[in-house]
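The values are calculated or read from the model by the stated rules, or taken from the named source; none is laboratory data. Predicted, not measured: the structure shown is a model, and the values here were computed from it. Note that each Cβ is placed from the backbone with ideal geometry, even for glycine, and that neighbours are counted across all protein chains shown.
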Amino acid sequence: MTDEGNSQPLQNDSFAALRYKDFRSYLGMRFFFTFAYQMQTAVLGYYIYQQTHNKMNLAWIGLSEAIPAVGLALYGGYIADKYEKRKMLLIVLTGVFFSSVVMSFVTLKSMGAHISVSWVLLILYGMIFCNGIARAFFGPAIFTVYANSIPREIYPNAATWSSQAWQIATILGPLSAGFIYYFTGGITGNFVVILFFLLVSLILVYRLREYPAVFVPKESIGKSLREGIDFVFKNTMMISAMTLDLISVFFGGVVALLPVFALDILHVGPQGFGLMRMASSLGAAITMAIMVRFTPLNRPWRNLLIAVTGFGLCIIGFGLSRSFILTLVFLFGQGAFDSISVIIRGTLVQLLTPDHMRGRVSAVNSMFIGSSNEIGDFESGIAAQLLGTIPAVLFGGTITMAVVIFTYFKTKSLLPLKLNDIHTVEVEKAAEV
């Protein structure tokens, strides 16, 4: 159990992935960037709804980010395969930092009535759109850095650490946003922390070694992108997992509506909003800590369907709850079940993707999963506006359960397979194609 360059760490070592320097830098970068990004997302949603009390304005937040993130995802994956990843991440994070500077300046000016609410919203949506552009390139780049910073045999261990760092950041980010907003009386204090953590993440990216391109395109960009799309769609396990996540998060996501619950339904204010944003991530972080020792990958497809079922039931329970404590319990459970599906899905995608296609496969993955939260936020805002907040949540939970049942009957043959069995089956199918 030594550091890189010596003997390989034991696969049953809970700290195997942390013994690699680049993985530690990647993990720190992901934590601080996610902390800042989640804090910014949470506080912007609360700020915009508090200023306008219009549910559709919450929908526009998700759509503003999803349009460029999805529209440029394939090109971002192509660039990630073709160019050096460390430099690419430095450019992307610098762009996110400056968009946050603009948002900080605009919200500060609005406090002094130097700028109208309409102009504030327009500029905020514009900067969120820019962040969506950055995400289209960020996801494929870190996917490749992650995959090449550790040996393949410890991907499951690394996936647990990576997901746990992400979940802990999503606990602390929104929670900090709510309490800083409450104690400082506004959004400015949040942006001080956001900008500081974005700088820390930039420093950690600088500590990474260079990751040169392993893909030299010999055909047009269209054919290169098509190669990545074909690979995903011909892989039964991969495309099924991505589709299941897309539909369940699209209809079952409730994050965008939490400001409505905090202000209008449960009446718990910014502190309660912060706790609600935290509860889901806390459930995920605790579950992932357990999964460091107890893997859900013994029967991955069976466990994935169980996890999404639990996710759907918790969404329905959340919609029916009128108790703040019970609401936190259901949000905790939602995050716990979601974390299991994240570990399973992330490990499958990493194991089944060849090195020269990681950027493009990650791009397809981000189109299904990476932007499903934002697109789901847009759906939630529209559904809440048309159906009402509570019916919209119950509708989403019911659709999630229906999708799980349909997927179960379509993929019953995959239920008894172990991880190695799945890998063998998919490789044989790819060879036949």
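Residue-by-condition table, conditions (1) in contact with a helix residue (DSSP H, G or I) (Cβ under 8 Å, 6 or more places away or on another chain); (2) in contact (Cβ under 8 Å) with a residue 24 or more places away in the chain; (3) farther than 20 Å from T41 by Cβ; (4) among the polar types (S, T, N, Q):
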site: A136; (1), (2), (3), (4): yes, yes, no, no
site: I142; (1), (2), (3), (4): yes, yes, no, no
site: Y146; (1), (2), (3), (4): yes, yes, yes, no
site: I154; (1), (2), (3), (4): yes, yes, yes, no
site: W161; (1), (2), (3), (4): yes, yes, yes, no
site: Q164; (1), (2), (3), (4): yes, yes, no, yes
site: G173; (1), (2), (3), (4): yes, yes, no, no
Task: Counted residues, segment 237-259 - those being crowded, with 21+ Cβ neighbours inside 10 Å and β-branched (V, I, T) - done: 4
TODO: Give the residues of segment 264-279 that are part of a helix (DSSP H, G or I) and either closer than 17 Å to A392 by Cα or charged (D, E, K, R) (or both), sorted by residue number.
DONE: D264, I265, R277
Task: Condition met for G126 (touching a Pro at 6+ places or on another chain (Cβ under 9 Å) and assigned to a helix (DSSP H, G or I)) - done: no
- [ ] Find all pairs meeting these conditions: Cβ atoms under 6 angstrom apart; at least six residues apart or on different chains; first residue within segment 305-322 and free of Cβ contacts under 8 Å to residues at least 40 places away in the same chain and farther than 20 Å from I343 by Cβ; second residue crowded, with 22+ Cβ neighbours inside 10 Å and polar (S, T, N, Q).
- [x] S321/T327
Task: Filter result for I154 (in a helix (DSSP H, G or I) and closer than 19 Å to L195 by Cβ) - done: no
- [ ] For residues that are in contact (Cβ under 8 Å) with a residue 60 or more places away in the chain and of a type in the set (V, I, T), tally how many sit in segment 83-100.
- [x] 2
Task: Matching residues, segment 13-34, being in contact with a Pro (Cβ under 6 Å, 6 or more places away or on another chain) and not in a helix (DSSP H, G or I) - done: A16
Open item on the list: Quick check on my filter: what residues within segment 41-60 are in contact with a Leu (Cβ under 9 Å, 6 or more places away or on another chain) and crowded, with 21+ Cβ neighbours inside 10 Å?
Closed with: A42, L44, G45, Y46, Y47, I48, Y49, K55, L58
Open item on the list: Residue under question is E210, and the condition is that it be surrounded by fewer than 22 Cβ atoms within 10 Å (Cβ to Cβ), modelled with pLDDT of 80 or more and not in a helix (DSSP H, G or I); does it hold?
Closed with: yes
- [ ] Select, from L304, L328, the only residue that is out of contact with any Pro (no Cβ under 6 Å at 6 or more places or on another chain), of a type outside the set (D, E, K, R), part of a helix (DSSP H, G or I) and surrounded by 24 or more Cβ atoms within 10 Å (Cβ to Cβ).
- [x] L304
